[in-house]
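This report concerns only the one structure given below.
The values are calculated or read from the model by the stated rules, or taken from the named source; none is laboratory data. Quantities reported herein were computed from a predicted structural model and do not represent experimental measurements. Virtual Cβ from ideal backbone geometry, glycine too; neighbours counted across all protein chains shown. Ligands, DNA and RNA are excluded from the accessible area calculation, which covers all protein heavy atoms including side chains. Shrake-Rupley method; radii C 1.70, N 1.55, O 1.52, S 1.80 Å.
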Amino acid sequence: MEPVRRKALVDAALRVIGDHGSLAVTMSDIARQAGVSPALAHHYFGSKEQLLIETIRSLLRQLRSDTVAALKAARTPRARLSAVIRVSFHADQFAPETIAAWLAFYAEAQRSEETRRFLVIYARRLRSNLLADLKALLPADAAERIAEGAAAMIDGLYIRQSLKSAPIGIEASIALTEDYLNALLATASPSPRREKGRPHRTTQGQMT
């Protein structure tokens, strides 16, 4: 039962953080949501901080798994770029409690070195996945610049989800990012290897 209960507590933490809009929650709040005692929650995770770290690890693992699957299904560098964009705005990532949790973790990263480290891993993965296939289409300097811009756009559109008065939907976010990418790809000089369609390594599958 331990893996089941640990997952139930992580899922409960995500919901409670979403409801509160911050990490200012208690182990009792999370345990109540999971339907277990606070003592059992402490038994499995030791402290609220460790449970919160496992929650962000869980978000990163799911994002990594989705990205690896999407990249395997794409056949060309350009298709893989679209796969990375679409996964970033997957319906699961757009769930209100997930958005609230990511924002809360970003705020916590200003105080917690461990939380900051996990968010740096996320940022590096996103950039590496974009850069791997942009380099197959463009010179290195252009690929670097566009990867940075596309990653910033993805993160920025994601943050806009917290603005309840003017939310941007999944498809609109994907379309805006694709338009940005298409516009820059059209103006940048192509790489000699453009769209050969052969497999490219990505760091997404390599990171732990």
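Brief remarks on what is shown
- Remark: the stretch 27-154 carries 44 Å² of accessible area per residue (probe radius 1.4 Å; ligands, DNA and RNA excluded).
- Selection among Gly21, Ala152, Ala73 by position relative to the dipole of the chain gives Ala73 as farthest towards the positive end (Cβ unit charges, Cα centre).
- Charge dipole magnitude, Cβ of K and R +1, D and E -1 - the stretch 140-181, Cα centre, debye nearest 20: 280
- Shown in residue order for the stretch 28-37 are the 3J(HN,Hα) couplings computed by the Karplus curve 6.51 cos²θ - 1.76 cosθ + 1.60 at θ = phi - 60°: 5, 4, 5, 4, 4, 5, 7, x, 10, 7 Hz (x for Gly and Pro).
- Positive contributions from Lys and Arg (+1) and negative ones from Asp and Glu (-1), summed over other residues with Cβ under 10 Å from the Cβ of Thr26, come out at +1.
- Zone residues, the stretch 101-119, relative to Arg57, backbone N less than 17 Å from point 7 Å out along Cα-to-Cβ: 113-119
- Take the chain and mark each of the trypsin sites (Lys or Arg not before Pro) that is in a DSSP loop with at most 15 other Cβ atoms within 10 Å; the longest unmarked stretch, sites excluded, is 1-74.
- Of all accessible heavy-atom area on the stretch 1-153, the percent that carbon and sulfur account for (1.4 Å): 53
- Vicinal HN-Hα couplings computed from phi for the stretch 132-140 (Karplus, 6.51 cos²θ - 1.76 cosθ + 1.60; Hz; Gly/Pro x): 4, 8, 5, 5, 7, 10, 9, x, 4
- Under 12 Å, Cβ to Cβ, from Val120 - net charge with Lys/Arg +1 and Asp/Glu -1: +3
- Averaging the sequence gap over all C-alpha pairs within less than 8 Å and six or more residues apart, then dividing by the number of residues, gives the chain a relative contact order of 24 percent.
- The phi torsions of the stretch 181-187, fed into the Karplus equation with coefficients 6.51, -1.76 and 1.60 and a -60° offset, translate into couplings of 5, 4, 5, 6, 5, 6, 9 Hz, rounded to whole numbers, with Gly and Pro shown as x.
- Summed side-chain charge close to Ala91 - residues other than Ala91 whose Cβ falls under 14 Å, Lys, Arg +1, Asp, Glu -1: -3
- Pairs of lysines in the chain (C-alpha under 23 Å apart; 8 or more residues apart or interchain): 4
- GNM top mover of Glu178, Glu114, Glu148 - the chain, alpha-carbon springs below 10 Å: Glu114
- Residues within the reach of a label modelled at Glu114 (point 7 angstrom out along Cα to beta-carbon, backbone nitrogen below 19 Å), restricted to the stretch 49-76, are 49-62.
- Using a cutoff of 8 angstrom between alpha carbon atoms and counting only pairs six or more residues apart, the relative contact order for the stretch 1-73 works out to 31 percent.
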